[in-house]
1. Within region 6-18, can one find any residue that is in contact (Cβ under 8 Å) with a residue 40 or more places away in the chain and in a strand (DSSP E or B)?
2. Just to verify a result, which residue in region 27-52, among those that are modelled with pLDDT under 95 and among the aliphatic types (A, V, I, L, M), is nearest to Tyr78 (Cα to Cα)?
3. Can you tell which of Leu53, Leu26 is surrounded by 17 or more Cβ atoms within 10 Å (Cβ to Cβ), in contact with a Gly (Cβ under 7 Å, 6 or more places away or on another chain) and under 16 Å from Asn68 (Cα atoms)?
4. Give the residue that is surrounded by the most Cβ atoms within 10 Å (Cβ to Cβ), with candidates limited to residues of region 29-45 that are closer than 21 Å to Asp60 by Cβ and charged (D, E, K, R).
5. Looking at Phe84, Phe3, which one is assigned to a loop (DSSP other than H, G, I, E, B), in contact with an Asp or Glu (Cβ under 6 Å, 6 or more places away or on another chain) and at pLDDT 90 or above?
Amino acid sequence: MSFSNSVIQRAWERQGGRCAGCGILLMLCKYAPHHRKAVKFGGSDTLGNCALLCEDTCNDCHLELGHNGDWHVNTVLYDEDLPFLYAGEEGL
């Protein structure tokens, strides 16, 4: 399963175009939509389970936060793990 373009666009808007982990502007680097809770553990392809994280060329939050430095480790990412998750929301 994967996120629809609509969910990714809504996540972009919610995050103000920033990485949910480090806050870097995503237009400056490669990024990936990440399941906050893995599908194999009951996560879904909804906006609430989506976080856009920078990868490869930047701070690599996708690997460091999303996969805890190991592609085989699946953790749940909570709001407190993602300080820029709501960077684009009004009032932040």
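The values are calculated or read from the model by the stated rules, or taken from the named source; none is laboratory data. No experiment lies behind these values; they were computed from the predicted model shown. Because the Cβ atoms are built from the backbone with ideal geometry, glycine has one as well, and the counts that use them run over all protein chains shown.
1. yes
2. Ranking the candidates gives Ala38 first.
3. Result: Leu53 is the single residue among Leu53, Leu26 that is surrounded by 17 or more Cβ atoms within 10 Å (Cβ to Cβ), in contact with a Gly (Cβ under 7 Å, 6 or more places away or on another chain) and under 16 Å from Asn68 (Cα atoms).
4. Arg36
5. Details: Phe84 fails: in contact with an Asp or Glu (Cβ under 6 Å, 6 or more places away or on another chain).
Only one candidate passes the filter, namely Phe3.
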